[in-house]
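The structure appears right after this line, and notes come after that.
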Amino acid sequence: MKTVNHWIGGKTVEGASGNYGPVTDPATGEVTTQVALASADEVDAAVRVAQEAYQSWGRSSLAARTKVLFAYRALLDANRDAIAELITAEHGKVHSDALGEVARGLEIVELACGITTQLKGELSTSVSNRVDVASIRQPLGVVAGITPFNFPAMVPMWMFPLAVACGNTFILKPSEKDPSAANKLAELASEAGLPAGVLNVVHGDKAAVDALLAHPGIAAVSFVGSTPIARHIHTTASANGKRVQALGGAKNHMLVLPDADLDAAADAAVSAAYGSAGERCMAISAVVAVGSIGDELVEKIRERAEKIKIGPGNDPASEMGPLITAAHRDKVASYVKGAADQGADVVLDGTGYTVGGFENGHWIGLSLLDNVKTDSDAYRDEIFGPVLCVLRAETYEEGVALINASPFGNGTAIFTRDGGAARRFQLEIEAGMVGVNVPIPVPVGYHSFGGWKDSLFGDHHIYGNDGIHFYTRGKVVTTRWPDPSEAPVGVDLGFPRNH
């Protein structure tokens, strides 16, 4: 059986704890790989390697760093398919979706390639008599990233390219459910010329996470995952004196006004709710239909959802793959099975779905729930699967109030032809990312990604300017130099004396 080991100091390092976790092919249900799970001692060893590498990398020139990043970008581009195949094999998402994940990660690598302009400081001259003041930004040291299973390549690339471009060294703890993509990213970075120890990958479970959160050698922690874990990461790491950005869960709403193009809204709802099997924090999981359009909109969504082809991610005909684990599949199914008892109309029931020849895979079909109540489990919880809830509102104001009452505030969208309504929505809605006739408003790389309320813990969003500020700290230098004319008698600096 294949074993995924750690990547520390520019090379593969075999696990020493004796503990391994299973890695399953979601399409077949078969365990294909085992991954080493690090102990606290192994985490400590990785931190020490990163600390040593920081001594030179943190002082390296911007030209040297960007030279590596440009080479890295070229290697990632040449290896898109190979990375996507690893994602499909361990996560289950279809190949086209995996390729899209790599492309969005590349955006941040490209941002990091331009770090020279992003790290420019500020200078004020002659603030007083021969006194100048400069503001500069410097790296933190060793930083860590803890990333989720749903984007095993993209989310790590949202973190470490900017971190190392800023001069830090990095320890990545990816999900143990699909670890191979992280190792491939690190191997390509080494091939691009990144010095040994600048980027390290340590696999593990809670023991490894807790060791990173407690280690005094870690200056900052980035995290993406569920809200309960994000809250724990933020509380624990902050208590240990670390800078933290912890992105949590979501319940993203799509408000559809009566004047909207319902065909476009239905297309958007299906792609945003069921893409990547709903296993993404920016998935639309709740549609709020305003006024009399609800029945027509639900019917249009149903018609489209029934045509989605579900199958193995490596089958070009597949539009949606399986869920990551059987346990997660069963949990998602439980929300659908209990929906009717809590007042919802089950328009589509995807539970019990299977794919011929792959009966042991982690399959579930698309589910559509109508007339969902705000106190039901299917609405309150982040399901993280292909389940779309439809709620009804009589007015725009009622719909906005419903959305703003949610404890989550990650992303949201409005579908309308009315520019005035759209403008009100983007100002009145309580969420960090807003789409206007755009169902999944993930910002481009040079803007920052992050939510509000229970969707973000910490002050910094990820990537963009916020990401650069997170991985650096400011310093202000005040300087006063004597004028050459004030030089001591007997020393001639070759300057004319002005009297």
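The values are calculated or read from the model by the stated rules, or taken from the named source; none is laboratory data. Everything numeric here is computed off the predicted structure, so don't read it as measured data. Note that each Cβ is placed from the backbone with ideal geometry, even for glycine, and that neighbours are counted across all protein chains shown. All accessible areas refer to the heavy atoms of the entire protein, side chains included, with ligands and DNA or RNA removed. Shrake-Rupley method; radii C 1.70, N 1.55, O 1.52, S 1.80 Å.
Are there GluC sites (Glu not before Pro) in region 12-107 that DSSP marks as loop and that have at most 10 other Cβ atoms within 10 Å, and which are they?
Sparse-neighbourhood loop GluC sites (Glu not before Pro): 14.
Going by alpha carbons, how many degrees (0 to 90, nearest 10) lie between the helix axis of 419-428 and the longest principal axis of the chain?
Tilt of helix 419-428: around 70 degrees.
Does anyone have the angle between helix 262-274 and the longest principal axis of the chain? Alpha-carbon axes, 0 to 90°, nearest 10?
With rounding to tens, the tilt is 70 degrees.
Suppose R0 equals 35 Å. What FRET efficiency, 1/(1 + (r/R0)^6) with r the Cβ-Cβ distance, do residue 17 and residue 446 give to the nearest 0.05?
0.30
Over the alpha carbons of region 52-178, what is the largest minus smallest coordinate on each principal axis, giving the biggest first in Å?
So the three principal-axis extents are 66, 25, 22 Å.
May I ask for the angle, rounded to the nearest 10°, between helix 294-305 and the longest principal axis of the chain, with both axes built from Cα atoms and the value confined to 0 to 90°?
For helix 294-305, the angle is close to 80 degrees.
Ignoring ligands, DNA and RNA, what percent of the 1.4 Å accessible area of region 182-314 is carbon and sulfur?
52
So which aspartates and glutamates pass the test for residue 337, namely a Cα distance under 14 Å, with those fewer than 8 places away in the same chain ruled out?
345, 349, 370, 377
Set the Förster radius R0 to 35 Å, insert the Cβ-Cβ distance between residue 480 and residue 110 as r into 1/(1 + (r/R0)^6), and round the FRET efficiency to 0.05.
Computed FRET efficiency for residue 480 and residue 110: 0.30.
Using DSSP to define loop residues, name the GluC sites (Glu not before Pro) in region 381-446 whose beta-carbon has at most 16 other beta-carbon atoms within 10 Å.
394, 430
Could you check what % of the DSSP bridge pairs in region 349-499 are antiparallel, to the nearest 5?
Approximately 30 percent, going by the DSSP bridge assignments.
Which of the aspartates and glutamates could a cross-linker span from residue 120 if the Cα-Cα distance has to be under 16 Å and same-chain partners fewer than 8 positions apart are dropped?
Straight-distance partners of residue 120: 466.
Before I look further, what does region 332-412 give for accessible area per residue, probe 1.4 Å, in whole square angstrom?
40
For the residue pair residue 32 and residue 395, what label-to-label distance in nm results when each label sits 7 Å from Cα along the Cα-to-beta-carbon direction?
So the label points at residue 32 and residue 395 sit 5.5 nm apart.
Of 173/242; 93/184; 331/453; 251/373; 206/251, which ones are farther than 20 Å apart at the Cα?
Long pairs (Cα-Cα over 20 Å): 331/453; 206/251.
Using Cα-Cα distances under 8 Å and only pairs 6 or more residues apart, what relative contact order does region 76-232 have, in percent?
24
Quick one: longest stretch of the chain between exposed loop trypsin sites (Lys or Arg not before Pro), exposed meaning at most 13 other C-beta atoms within 10 Å and loop per DSSP?
The answer is 131-306.
Using the beta-carbon distance between residue 334 and residue 133 and R0 = 56 Å, what value does 1/(1 + (r/R0)^6) give for FRET efficiency, to the nearest 0.05?
With a Förster radius of 56 Å, E is 0.40.
Counting only protein heavy atoms and using a 1.4 Å probe, what share of the accessible area of region 1-128 belongs to carbon plus sulfur, as a whole percent?
Whole-percent figure for carbon plus sulfur exposure: 50.
In deg cm²/dmol and to the nearest 500, what is the mean residue ellipticity at 222 nm of the chain if only DSSP H runs of at least 4 residues count, each as -39500 (n - 2.57), divided by the residue total?
Calculated at 222 nm, the ellipticity per residue is -11000 deg cm²/dmol.
By how many nm would the segment from residue 437 to residue 52 grow when fully extended, if each residue of separation counts as 0.36 nm and the alpha-carbon distance is taken off?
Stretched out fully, the residue 437 to residue 52 stretch lengthens by 133.7 nm.
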